[in-house]
Every structure is written in structure tokens, then in C-alpha cells.
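The values are calculated or read from the model by the stated rules, or taken from the named source; none is laboratory data. Owing to the predicted nature of the structure, the values given are computational and were not obtained by experimental measurement. Cβ placement follows ideal geometry from the backbone for every residue including glycine, while neighbour counts extend to all protein chains displayed.
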Amino acid sequence: MKLPSLTIARLTAPFPLIQGGMSIRVSTSALAVPVADCGGIGVIGGSGLPPEELKQDILKAKSATNGIIAVNIMFAMKNFYNLVMSSIEAGVDMIITGAGFSRDIFKIGREHKTPVVMIVSSASLAKLAEKLGAAAVIVEAKEAGGHLGTDRPLREIFPPIREVVKNIPLIAAGGITNGYEMAEMMDQYGADGIQIASRFVLSKECDVSDNFKQAYLNAGKEDIVLTTSPVGLPGRAINTPFLQALKAGKDVSSKKCPAVCLKKCDHHYCITDRLLKSRDGNIEEGLVFSGENTYKMKSILSVAEIFEQFKSQAESVYKEGRGFLPLA
């Protein structure tokens with residue numbers, strides 16, 4: 001059976017897939033545009049960028065596709081408001097946010113007619129997000145890469161959130177690596193769509209270094225670990241020499257904070273600096289965020305090939321779930 005489209009506010013994605021917004025220049029327009037062209041929602045990672053750079057990348061994406069372009073901005077960023085306003089000025093279609101909870105973002109979204117999608121890991125926050133005006137909610141579980149809001153798996157936390165989110169789309173995220181799992185979350189758990197990130201790192205269009213992609217390809221199950229983050233949340237990443245040194249208690253801090261990017265930072269290392277190192281190919285000294293199931297993926301495909309794979313696999317087993325039914 002053909003998968004349904006995904007409608008968030010006034011926007012409809014022909015294929016119910018959101019590309020996760022990986023920050024510090026991992027998810028740029030180079031990746032978001034082909035995702036949007038394939039019928040998904042392409043997402044630029046806005047956290048850690050200067051507002052003007054983010055604005056220009058959104059403008060570049062919007063000029064290159066008629067599809068949906070969103071931006072992901074962590075609430076934990078010191079320049080959160082400036083990044084949001086720069087995105088709106090650039091004409092972004094949608095704002096996705098997490099790593100903290102902002103009430104004000106919903107007011108901003110209403111004022112500028114820009115849908116706001118909230119990333120949560122609990123039923124209480126999901127219910128609050130819907131009440132405050134979220135256009136959709138993304139349920140992100142422990143299997144996700146990067147910063148985590150829970151230590152519980154997706155299939156455990158999704159059902160109680162599905163029970164309380166009644167009138168807006170609910171998206172499943174964390175550890176989904178193929179179309180069969182996509183169909184499972186939509187058919188059996190009632191998800192209205194999925195969000196995936198790590199699979200898109202291993203795409204030809206993702207413009208991170210070859211070393212970064214090779215770290216993904218080389219990773220075994222035991223190489224993907226939990227670590228601490230200056231953001232104040234646990235994070236899931238590949239166990240690079242940097243993380244090994246961090247775990248061993250070695251001093252990996254910067255003498256001076258080069259980014260000053262977070263509202264609250266414990267300063268045991270500079271996360272922006274470490275993410276940029278890995279993005280540019282210095283895997284030994286870098287932080288390589290990765291989903292829990294990255295070890296299952298062993299090929300670099302084009303974005304179009306990834307979509308075709310997910311589509312053919314999902315539609316071969318999909319029946320019909322109990323997802324979002326808009327009020328009459």
C-alpha cells in the first residue's frame with residue numbers, strides 16, 4: 001500500500017520523511033535540497049552557525065527547490081532568537097527545535113506564520129507542545145544520534161505520547177535505518193511519519209569529509225557509545241580517540257572558549273570546536289555524533305537512492321496505521 005503524505009500546518013510533503021537537522025555544517029543546503037526534491041522535508045542544521053551564514057544557506061536552499069525547507073535550532077544556543085529570526089527572514093518553511101523547551105517560540109511562529117515543530121521525549125512535554133501551538137511533534141528516543149532527552153527506546157516511549165497527542169502529526173525518530181522499520185512505526189505504532197539523520201550522513205550529497213563518512217562505515221555496534229556534552233545532556237557518538245581521552249579523565253578542555261555558543265556550558269570541552277574538527281576530517285580529535293544503529297549501514301547512496309530504498313521497502317509491507325486524523 002502507498003504511504004500517505006505528511007501535512008504539517010499548510011505544508012504537505014509527498015513522502016512522510018523528515019531529514020534530521022544535524023548541526024555544525026553537517027546538514028546544509030547541499031543535503032536539504034535533494035531531500036526536499038525527493039518529496040521529504042529537507043532540514044538545515046542551524047545550531048552553531050552565525051545567523052547571517054544560516055540565513056544565506058536557507059536562501060540558497062529556497063532558491064534551488066520548490067520542496068519544503070526547514071531549520072533545526074537547539075533552544076540551548078545562546079543566539080537562539082537571532083537564529084530563529086534570521087531563518088524567518090530568509091523565508092524558511094518550518095522551524096524544528098529541541099534540546100530545551102521554549103514557550104516563546106510558538107508566539108514567534110504565530111506572528112510570522114511559520115510552523116513550529118517540537119522535539120520531545122516525554123508525553124508531558126508533547127502534550128504541552130500541542131497545547132501551546134506546535135504544528136507537529138517529533139518523538140526522539142535513545143537510539144538517536146547527538147543529544148538525547150531520554151534513556152528509553154522509541155518503541156517504549158512512542159505509544160504513551162501517541163495517546164495524548166490528538167490533533168497534530170506525530171513523528172517517530174531514533175534508530176530507524178530502513179523502510180521496513182518506517183512502515184512498522186507508521187502501521188503498528190501510529191506514527192504519521194519518521195525523521196532520520198544518520199542514514200543521510202552516508203549520502204553522496206552530505207558535504208562532510210570523507211573521513212567522517214568512513215568513521216560511520218567503519219563503526220561496529222560496540223563503537224557507538226554515550227558520552228557527556230557541555231550542553232548538559234548525554235550524547236550518542238562514535239568512540240573516537242577524543243572520547244576515549246575524555247572518558248579516561250584527560251584534560252581535553254580549551255584554554256579559551258572559541259565559540260561562546262551555549263546559554264549554559266560546563267566548559268569541559270568546546271562542542272562546536274570538536275564537531276567542526278570531525279566534520280572537516282579530523283576524526284582523532286573530533287566529536288562524531290551518530291545514531292545507535294549506524295553500524296547497520298554499510299553503503300554510501302545518493303539521496304534519491306535512499307528515498308527509493310525506503311519507499312520500496314516501506315510500501316511493500318505497509319498497511320494502514322492509526323496515525324493523525326485531523327479534526328473535522
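If I filter the range 38-57 for residues that are under 24 Å from Gln309 (Cα atoms), of a type outside the set (Ser, Thr, Tyr) and either part of a helix (DSSP H, G or I) or outside the structural domain of Ala183 (by TED's automatic domain parsing) (or both), do I get at least one hit? No, that holds for no residue.
Of the residues making up the range 288-303, at least one is at pLDDT 80 or above, buried (at least 21 other Cβ atoms within 10 Å of the Cβ) and within 18 Å of Leu49 (Cα to Cα). Residues satisfying the criterion are absent from the range 203-217 (criterion: under 18 Å from the mean Cα position of the chain (by Cα), modelled with pLDDT of 95 or more, within 23 Å of Val120 (Cβ to Cβ) and among the aromatic types (Phe, Trp, Tyr)).
The one condition from (1) surrounded by fewer than 16 Cβ atoms within 10 Å (Cβ to Cβ); (2) without any contact (Cβ under 8 Å) to a residue 40 or more places away in the chain; (3) farther than 24 Å from Leu11 by Cα that Lys131 does not meet is (3). Checking Ile96, Ile105, Ile119, Ile138 one by one, the residue that is touching a helix residue (DSSP H, G or I) at 6+ places or on another chain (Cβ under 8 Å), under 16 Å from Asn72 (Cβ atoms), hydrophobic (A, V, I, L, M, F, W, C) and buried (at least 17 other Cβ atoms within 10 Å of the Cβ) is Ile105 and no other. In the range 243-287, the residue that is nearest to Ser27 (Cα to Cα) out of those that are at pLDDT 90 or above, surrounded by 14 or more Cβ atoms within 10 Å (Cβ to Cβ) and among the polar types (S, T, N, Q) is Ser278. Looking only at residues in the range 179-198 that are surrounded by 24 or more Cβ atoms within 10 Å (Cβ to Cβ) and in contact with a helix residue (DSSP H, G or I) (Cβ under 6 Å, 6 or more places away or on another chain), the one that is nearest to Phe15 (Cα to Cα) is Ile194.
Go through the range 44-67 and give me each residue that's of a type in the set (Ser, Thr, Tyr) and either closer than 16 Å to Ser203 by Cα or modelled with pLDDT under 95 (or both). Once the filter is applied, which keeps residues that are of a type in the set (Ser, Thr, Tyr) and either closer than 16 Å to Ser203 by Cα or modelled with pLDDT under 95 (or both), the range 44-67 yields only Ser47. Examine the range 92-115 for a residue that is over 13 Å from the mean Cα position of the chain (by Cα), polar (S, T, N, Q), modelled with pLDDT of 95 or more and over 27 Å from Ile157 (Cβ atoms), and state whether such a residue exists. There is at least one residue in the range 92-115 that is over 13 Å from the mean Cα position of the chain (by Cα), polar (S, T, N, Q), modelled with pLDDT of 95 or more and over 27 Å from Ile157 (Cβ atoms).
Provide a single number: the residues in the range 1-35 that are β-branched (Val, Ile, Thr), in a helix (DSSP H, G or I) and crowded, with 24+ Cβ neighbours inside 10 Å. Walk me through it before giving the result.
Pass one, the range 1-35, residues β-branched (Val, Ile, Thr): 7-8, 12, 18, 24, 26, 28, 33, 35.
Among the residues that remain, those that are also in a helix (DSSP H, G or I) are: 33, 35.
Next, from what is left, pick out any that are crowded, with 24+ Cβ neighbours inside 10 Å: 35.
Qualifying residue count, the range 1-35: 1.
In the range 36-43 there is at least one residue matching the filter, namely being within 22 Å of Asp192 (Cα to Cα), buried (at least 24 other Cβ atoms within 10 Å of the Cβ), modelled with pLDDT of 95 or more and in contact with a Leu (Cβ under 6 Å, 6 or more places away or on another chain). Scanning the range 225-242 for residues that are modelled with pLDDT of 95 or more and surrounded by fewer than 23 Cβ atoms within 10 Å (Cβ to Cβ) yields a count of 4.
Per this entry, Gly149 is not counted among residues that are out of contact with any Asp or Glu (no Cβ under 7 Å at 6 or more places or on another chain), among the small types (Gly, Ala, Ser) and not assigned by TED's automatic domain parsing to the domain that holds Val231.
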